[in-house]
Amino acid sequence: MYLNNNFSPIFGSKNLNYYQAILKETYSVVIEVTDRSNKDIAFSKFLIRKVLTPQEWGIGLSAPRYLTQYQNQPKSFTYLDYIFAWEGGLLYEKNENNSANELIT
């Protein structure tokens, strides 16, 4: 679970933006975010285009691929990062007035 760019202990130093970048880089999802006027997220839509299997990964599962389109993110990712991205890239937690709302972005 995330609050903007804060890190989750489950995923170490990798944040929501990193995992979303992986899913976008592999053309696995299309994510559209609609903001409110105060920059809060009003809602998000995502389209799942494909889920890569280990066979489709095409290289050793621990061999890195590289992010080419996204600045300020770690540059490489493995198949394990890709698998974690399906949870880490689609969960978003927003706290308002000490309440937690889970949203899928």
Report task. Among what's in the range 83-99 and is over 23 Å from residue 30 (Cβ atoms) and in a strand (DSSP E or B), pick the residue that is modelled with the highest pLDDT. Result -> 96
Query raised in the report: Which residues, taken from the range 22-56, are surrounded by 10 or more Cβ atoms within 10 Å (Cβ to Cβ) and at pLDDT below 90?
Result: 31, 32, 33, 35, 41, 42, 43, 44, 45, 46
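Which one is surrounded by the most Cβ atoms within 10 Å (Cβ to Cβ) among residues in the range 69-82 that are assigned to a loop (DSSP other than H, G, I, E, B) and touching a helix residue (DSSP H, G or I) at 6+ places or on another chain (Cβ under 7 Å)? I'd like the intermediate steps shown before the answer.
As a first pass, look at the range 69-82 and keep what is assigned to a loop (DSSP other than H, G, I, E, B): 69-75, 78.
From the residues that got through so far, the ones that are touching a helix residue (DSSP H, G or I) at 6+ places or on another chain (Cβ under 7 Å) too are 69-70, 73-74.
Values: 69: 8, 70: 15, 73: 18, 74: 16.
Ranking the candidates gives 73 first.
The values are calculated or read from the model by the stated rules, or taken from the named source; none is laboratory data. All values reported here derive from a predicted model rather than from experimental measurement. Counting neighbours? That spans all protein chains shown, and the Cβs are built from the backbone with ideal geometry, glycine included.
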